[in-house]
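The values are calculated or read from the model by the stated rules, or taken from the named source; none is laboratory data. Remember, predicted model here, so these are calculated numbers, not experimental data. Glycine gets a Cβ as well: all are built from the backbone with ideal geometry, and neighbour counts include every protein chain shown.
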Amino acid sequence: MKKIVIASNNVGKLNEIAAILAPLDIEIVAQSTLGVSEAAEPHCTFVENALAKARHASGHTKLPALADDSGICVDALNGAPGVYSARFAGESAGGGREQQDARNNKKLLELMARETNRKAHYYCVIVLVRRADDPQPIICEAEWHGEILQTPRGSGGFGYDPLFLLPQLKQTGAELKPAEKNRISHRAQALGMLAERLRAERRKERGERSKAR
């Protein structure tokens, strides 16, 4: 695979994916640059939504497609916001991604105001399909554990990062340097697994070509 379309229009996600997959020398193309609309995400599980997005992008572009579905799961809220993390406070009323993130964070703080159990984890599942009807998509998943703060900290990252404290580092996701986040986050872990799977496939292909000679 020399070129992969990314089934997302989230700039933060696109930057993270491009940075982590850069060593593989794969051209990363955002679906919006190819005129692909966002896919519906009607499912109640992360993996089903990721598969729907990847198949949608691949079907429209005839290219291998990568999609992720991710969110934050809060213990005291029985795993919410979960798959609804991006639209927890309702569909965007305008103002862009940053304003939507602020509304989502505000709602989470309101719901957690009286909770003593602050444990939470980010979850990410990565799906890569070689074609829209790929019967064996590559699926990688990972979790990133932390706690929900009572007030936001940091100006980096996106989503719930300002509220997501990593106790061992004493920093929030929004306080981490991008390179550090790209090394330890839920998406980084899942993408790292994907990168290793792709390297293994390349080694296998090279071995088969050598035998054929």
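Points worth noting:
- Identity of the residue in the stretch 83-99, under 18 Å from the mean Cα position of the chain (by Cα) and within 17 Å of SER155 (Cβ to Cβ), that ends up modelled with the highest pLDDT: GLU98
- Filtered residue count, the stretch 16-46, keeping only those that are assigned to a loop (DSSP other than H, G, I, E, B), surrounded by 15 or more Cβ atoms within 10 Å (Cβ to Cβ) and out of contact with any Ser or Thr (no Cβ under 9 Å at 6 or more places or on another chain): 3
- Any hit, the stretch 124-133, residues being of a type outside the set (Phe, Trp, Tyr), at pLDDT 95 or above and touching a Phe, Trp or Tyr at 6+ places or on another chain (Cβ under 9 Å): yes
- Subset of the stretch 81-135 (residues that are in a loop (DSSP other than H, G, I, E, B), within 30 Å of GLY59 (Cβ to Cβ) and touching a strand residue (DSSP E or B) at 6+ places or on another chain (Cβ under 9 Å)): PHE88, ARG130, ARG131, ALA132, ASP134
- Checked across the stretch 122-131, the condition of being within 13 Å of the chain's Cα centre (by Cα), more than 19 Å from VAL83 (Cβ to Cβ) and surrounded by 15 or more Cβ atoms within 10 Å (Cβ to Cβ) holds for at least one residue.
- None of ASN49, ASN9 is outside any strand (DSSP E or B), modelled with pLDDT under 95 and within 16 Å of the chain's Cα centre (by Cα) except ASN9.
Here's the yes/no breakdown for (1) surrounded by fewer than 21 Cβ atoms within 10 Å (Cβ to Cβ); (2) not small (Gly, Ala, Ser):
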{"residue": "ASP68", "(1), (2)": "no, yes"}
{"residue": "ALA80", "(1), (2)": "yes, no"}
{"residue": "ARG97", "(1), (2)": "yes, yes"}
{"residue": "LYS119", "(1), (2)": "yes, yes"}
{"residue": "GLN136", "(1), (2)": "yes, yes"}
